[in-house]
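Accompanying notes for the structure given below.
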Amino acid sequence: MNNLQESSESRHQTSAVEPQQVILFRSKLTDQAGEDYQAMNDELAALVRENPGFVDVKSYTAQDGERLTLVWWRDEKSLADWRNLMRHREAQNIGRQKWYQYYKIDVASITRSKSFERK
């Protein structure tokens, strides 16, 4: 078997996928982001999972306090539905007024996916 062929025991996959959307949300909180921020964050974390187009979410915090949250969506429509949800809009407004020192949002389309899993 040459190196370009896949064996039946291969542990990695590359595949074309239906275009998904991924949000990269970089942010840093202010000192005012206290219990009210955490309560809203918990509420929105539960709400986002109820959206039928939600796929997954992961969050990371750097040593300097900057946070990166990645949110995967099935398609642009489900992302737009989330973006326009009234409770999410309320949280965005409060966040700009009080909780965030800054944030940056990037939206990307996933057109191909590759994975590896040790078995």
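The figures follow:
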{"read-out": "Verdict on Ala108 being among the small types (Gly, Ala, Ser) and in contact with a helix residue (DSSP H, G or I) (Cβ under 7 Å, 6 or more places away or on another chain)", "value": "no"}
{"read-out": "Answer residue from segment 73-104, given it is among the basic types (Lys, Arg) and within 14 Å of the chain's Cα centre (by Cα) and is modelled with the highest pLDDT among those", "value": "Lys104"}
{"read-out": "First in segment 22-42 and closer than 29 Å to Ser113 by Cα, second anywhere and assigned to a helix (DSSP H, G or I) and not aromatic (Phe, Trp, Tyr), Cβ under 8 Å, 6 or more apart", "value": "Ile23/Leu79"}
{"read-out": "Among residues of segment 1-33, those that are of a type outside the set (Ser, Thr, Tyr), modelled with pLDDT of 95 or more and in contact with a helix residue (DSSP H, G or I) (Cβ under 9 Å, 6 or more places away or on another chain), counted", "value": "5"}
{"read-out": "Hits in segment 60-119 - residues which are exposed (fewer than 11 other Cβ atoms within 10 Å of the Cβ), among the hydroxyl-bearing types (Ser, Thr, Tyr) and free of Cβ contacts under 8 Å to residues at least 24 places away in the same chain", "value": "Tyr60"}
{"read-out": "Selection status of Leu70, over 13 Å from the mean Cα position of the chain (by Cα) and at pLDDT 95 or above", "value": "no"}
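The values are calculated or read from the model by the stated rules, or taken from the named source; none is laboratory data. What you see is a predicted model; the values in this text were computed from it and never measured. Please note: Cβ atoms are built from the backbone with ideal geometry, for glycine as well, and neighbour counts cover all protein chains shown.
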